[in-house]
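Student: Take a look at this one; I'll ask things after.
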Amino acid sequence: MKPIGLYLHIPFCNGKCPYCDFYSVNPESKKITAYVDALCREIDKAGGIYDTVYFGGGTPSLIGSDNIEKIMKHIRRTDDCEATLECNPSDTGSVNSAFDFSVVAESGINRISMGLQSADDAERKILGRRGGCEDVERAIARAKNAGIENVSLDLMLGIPNQTAGSLQKSIDFCKNSGAKHISAYILKIEEGTPFYNIKNTLSLPDEDETCDLYLSAVEMLEKAGYYQYEISNFSEKEYESRHNLKYWRCEEYLGIGASAHSFFGDKRFYYERSIDDFINGIPPVDDGSGGDEEEYIMLALRLSEGLVFDKYEKRFGKSVSKETIKKARELQKHGLVNIDDNSISLTVQGFLVSNSVISSLI
């Protein structure tokens, strides 16, 4: 059986950040135990072998290093498996933290993803981040001391009171910390979040200022040695997120846990946003077919490599349509797209309006 990706959703969090709309609830020890047992049950039921594993949330580190180790024992992995664990620095980097990076490293975790968001503690406070940058520094040091060198940090762009100066400070922090990978996302105010309810009172940059911050981030990150390989993702060479690349390349992955999504056998399916349903063994919901030409093009264009003609032809047995190429040449005149004999890709300016550009191409 061909190895695929495995995503595990850990829906526990000590407190939701005001911008977050991911599914998570406050932890209860009995629920955590039952949920971990349910994850192990479903992993065993699924079988298979995995070349990437990703613990996302919520706050996966919140269930403790012993539970991470327990889950990892149920996962059949390739020898070169990339295994990522999302961590909250305030839980794993505080002076009182009981989280043991050595335990998870021994279990097979070899990549850590942490939510820095900003290296400016005033900006972090507005974003509802617990703890300060010193917690991030300690958490990274503890991960590295355990042998986990591959660390990814999240940054947010277009956040309240952010300036080019504070953004540079955050990127300098990332570089000085030794992070190998940076995910830099523009803040989106989601309906149903606390930020949505007070959006008119937030000191947010306007659209033009946000665009400038994004373009500045791309330039600053490149100077710091991080190359852009996706709209919002940057890394040192050879440190791209192999797991997330599966999503953008329309490759198969299995998602297990409340609210987790899967793409397997040309089908998409997901678990409902209910911990109790998952614990009680309610099966995932069919979400229709996936991986068609339109979806493939849409996801490929999120990558800096873009829509590679040879890969498309190998997958679908035909060439990219002349109409798509014609549209791409028109967009190239406006500086939004690059096109040559091998591929169509978005420029940095094209990434800023990627939804419109991709829609026009498909």
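Laboratory data are not the source of any read-out in this text; all were calculated from the coordinates shown. Fair warning: this is a prediction, and the values are worked out from it, not measured in the lab. As a convention, Cβ positions derive from the backbone with ideal geometry for all residues, glycine included, and neighbour counts pool all protein chains shown.
Student: Based on the Kirkwood radius over alpha-carbon pairs, what value in µm²/s does the Stokes-Einstein equation return for the translational diffusion coefficient of region 134-254 at 37 °C and 0.692 mPa s? All intermediate terms of the calculation are to be shown ahead of the outcome.
Tutor: Numbers: Rh = 15.8 Å.
D = 207 µm²/s.
Student: Further question: Sequence neighbours fewer than 8 away in the same chain don't count; with that in mind, list the lysines whose C-alpha is under 27 Å from residue 2.
Tutor: Output for residue 2: 45, 70, 73, 237, 246, 267, 311, 314, 318.
Student: Can you give the three extents of the C-alpha atoms in region 243-362 along their principal axes, from longest to shortest, in whole Å?
Tutor: Sorted largest first, the three principal extents are 55, 31, 22 Å.
Student: While we're here: Sort 214, 247, 196 so that the residue with the fewest other Cβ atoms within 10 Å of its own Cβ comes first and the one with the most comes last.
Tutor: Details: 214 22, 247 18, 196 13.
By the 10 Å Cβ count, ascending, the order reads 196, 247, 214.
Student: Right, next: Could you please state, rounded to a whole Å, how far the C-alpha centre of region 262-317 is from the C-alpha centre of region 343-362?
Tutor: First find each Cα centre; the distance between them is then 20 Å.
Student: Suppose a student asked you for the relative contact order of region 205-362, using Cα pairs under 8 Å spaced at least 6 residues apart; what percent would you report?
Tutor: 16
Student: Right, here's the next one. Restricted to Cα positions, what overall size does region 305-361 have along the principal axes? Three whole-Å values, descending.
Tutor: That works out to 31, 19, 19 Å along the principal axes.
Student: Quick check: convex hull over the Cα atoms of the chain, volume per residue in Å³, rounded to an integer? Spell out each step's value before the answer.
Tutor: Working: hull volume 51.2 nm³, N = 362.
Output value, Cα hull per residue: 141 Å³.
Student: Continuing with this model, one more query. Let me have the 222 nm mean residue ellipticity of the chain computed from DSSP H runs of 4+ only, each contributing -39500 (n - 2.57), with the sum over all residues rounded to the nearest 500.
Tutor: Numbers: 16 runs with 143 residues, N = 362.
Calculated from helices alone, the mean residue ellipticity at 222 nm is -11000 deg cm²/dmol.
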